[in-house]
Amino acid sequence: YNTTVNDVSMNLGQQLVVKVKNDSLTTINKGKLVRINGGLGNNPTIATASWDSENLSANTIGMMMNTAGINDFAYVLLNGVIEDVNTAGYTGGTLLFLSSSGDYTSTAPVPPRHAVRIGHFVREQTNNGSIFINIQNGYEINELHNVLIASASNGDLLVWDSVNSI
């Protein structure tokens, strides 16, 4: 399917995408990882994602399918294979993580950086590689459904409360 956005076509039934608007103050290039930072009408607005903080990583949604200038509309791949990206130096099947400034890496982040699994490298090639995108955001311990932390202090321990099942 050829979209209304230049240089973006979708493989129907093989890719899950969303139309977004770049309302950040910079151009976001194809292949960058982005997060939702708001909305305009029926379209999410986006900014570059990063492993540097919860605020910059928790809303990571996918990879840019095209370059979007300031206030341009674009498409983000949420799930499926993106082609024509630089995967030089990576081996097919290698796990991919969010890095800083919307980049990706095969090195798992070390806390306090935030772990967001992006997917897997499929084809290794300079500017003609492919990546399978399948975002899985890491969690902080207080985001687990059976953990309640009212206020954390240095040296606190996590203990099970069988009466309240937390």
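The values are calculated or read from the model by the stated rules, or taken from the named source; none is laboratory data. Worth saying up front: this structure is predicted, and the values here are computed from it rather than measured. Virtual Cβ from ideal backbone geometry, glycine too; neighbours counted across all protein chains shown. Accessible surface is based on the protein model in full, side chains and every heavy atom, while ligands, DNA and RNA are left aside. Shrake-Rupley method; radii C 1.70, N 1.55, O 1.52, S 1.80 Å.
Over the chain, give the accessible area per residue in Å² for a 1.4 Å probe, as an integer.
Details: 9570 Å² over 166 residues.
On a per-residue basis, 58 Å².
Report, to the nearest whole %, how much of the accessible area of the chain belongs to carbon and sulfur atoms, 1.4 Å probe, protein only. All intermediate terms of the calculation are to be shown ahead of the outcome.
Numbers: 4640 of 9570 Å².
Summing carbon and sulfur atoms, their accessible area is 48 percent of the total for the chain.
First measure r as the distance between the Cβ atoms of Asp52 and Glu124, then evaluate 1/(1 + (r/R0)^6) with R0 = 22 Å and state the FRET efficiency to the nearest 0.05. Spell out each step's value before the answer.
Working: r = 27 Å, r/R0 = 1.24.
After rounding, the FRET efficiency stands at 0.20.
Computed over the Cα atoms of the stretch 23-109, what is the ratio Rg over Rh, Rh following Kirkwood? It would help to have the intermediate numbers written out before the result.
Working: Rg = 12.9 Å, Rh = 13.4 Å.
When Rh is taken as the Kirkwood radius, the ratio is 0.96.
I want the local charge near Val147. Using Cβ-Cβ distances under 11 Å, sum +1 for each Lys or Arg and -1 for each Asp or Glu among the other residues. Walk me through the numbers before you get to the answer.
Details: positive: none; negative: Glu140, Glu143, Asp161.
So the surrounding residues net to -3.
Looking at the calculated P(r) for the chain, what percent of the C-alpha pair distances fall above 23 Å? Walk me through the numbers on the way to the answer.
Details: 6032 of 13695 pairs.
More than 23 Å apart: 44 percent of the Cα pairs in the chain.
Relative contact order of the chain: what whole-number percent is it, with Cα pairs under 8 angstrom and at least 6 residues apart? Spell out each step's value before the answer.
On the way: 392 pairs, mean separation 33.3, N = 166.
Computed over the chain, the figure is 20 percent.
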